[in-house]
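Asker: The following block contains the structure, expressed as structure tokens.
Only the coordinates and a few stated rules stand behind these numbers; no lab work does. Everything quoted here is computed from the prediction, not taken from an experiment. Cβ coordinates were reconstructed from backbone atoms using ideal geometry, including for glycine residues, and neighbour counts include every protein chain displayed.
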Amino acid sequence: MRGSPNMKSDWVMDGSAPPKRMEMGQLKPLQNHKGHKLLQRREARRRLVDLELPELVAGQIGELIEEHLKRQRLAKHGFEPRNRVILIGPPGNGKTSLAEAIAAELRLPFYVVRYSGVVSSGLGETTQMMVKVFEEAATQPCVLFFDEFEGVGRSRGKAGGDSASGEITRMVGALLMEIERLPSTVIAVAATNHAGMLDRAMERRFQIRLTLPGPTIEQARKFLDRIGAAHLAEELAATNFSELEEFLVDVERRAALSDEDESLATLAERRLVLWKQRAEVGRAEGKAKG
Ligand SMILES: Nc1ncnc2c1ncn2[C@@H]1O[C@H](COP(=O)(O)OP(=O)(O)O)[C@@H](O)[C@H]1O
Ligand SMILES: [Mg+2]
């Protein structure tokens, strides 16, 4: 049941198991004529407590989850939970993870919308296919994740006079309308690296708009402190959480194979040297490619 009466309201933040809810059937994999899956179901294991989030973001997502858990109470007052979220920020700072966490906390199936597949399916059918995806998705509660959403906004901005771009414009228009028409049991989460590329009208369709920034130096320290390496935060100078995570896993992996009796922190210090060389090689290659 969605809102059992003795449910703890603060389970979201304390990391305890979420309440059981109704078993949900599976959406049929929806395919276009070329056999592309338009909706890809993915396992959502990430939990909110796994993520370092700015207070504002954690608060807003906590509210969203509460609204869905207490849907019946809201309904008594004539309200529905919010269900359209856009996450903005550079890669590797948790947009996808947060979308997954919303699904995991609410025990909802997590679907990635592959509209790029939709677009390539032949422009004439795109709008029709898109509508189908939404009709299918709307049949049961789920989280629908739209990654790289700026692609959609950009197509609309670029649309000129030829028939292909006219069709894209229609597709985008239809897409936005479908997002707005989704029942509140379906949570649409869009992600973009490029806030500037979305037009205002588009952004306003989302009731919750959040920015996910890179780690502050304090957050980097806290992250690295898991292996006793908080003091390496400055030198590592990770620009996103993904990099921090990678470094952590790298150290732990090497530690697992090591026969020497050295601390994770010491190992981390040695790995950092290699890590920085790697980063430099990467940058040089990037420059060479232009
Ligand atoms: N805010 C965060 N807190 C903790 N770990 C994070 C955070 N953001 C990203 N990560 C780590 O980096 C990985 C990639 O993040 P991801 O959610 O794919 O970022 P994005 O979708 O914004 O590119 C995650 O699997 C996670 O391990
Ligand atoms: Mg992502």
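Asker: Residue by residue through the range 90-107, what is 3J(HN,Hα) from phi via Karplus (6.51 cos²θ - 1.76 cosθ + 1.60, θ = phi - 60°)? Round to whole Hz and write x for glycine and proline.
Answerer: So the J values, rounded to whole Hz, are x, x, x, 10, x, 5, 5, 4, 5, 4, 4, 5, 4, 4, 5, 5, 8, 6.
Asker: Roughly how many whole Å is it from the C-alpha centroid of the range 167-196 to that of the range 60-84?
Answerer: Cα centroid to Cα centroid, the span is 20 Å.
Asker: Give the long-range amide H neighbours of VAL186: residues separated by 5 or more places, or on another chain, with amide H under 5 Å away, using H modelled in the peptide plane at 1.01 Å from N.
Answerer: Close amide H contacts, sequence-distant or interchain: CYS142.
Asker: Using a cut-off of 11 Å between beta-carbons, work out the net charge of the residues near GLU269 (Lys and Arg +1, Asp and Glu -1, GLU269 not included).
Answerer: That works out to 0.
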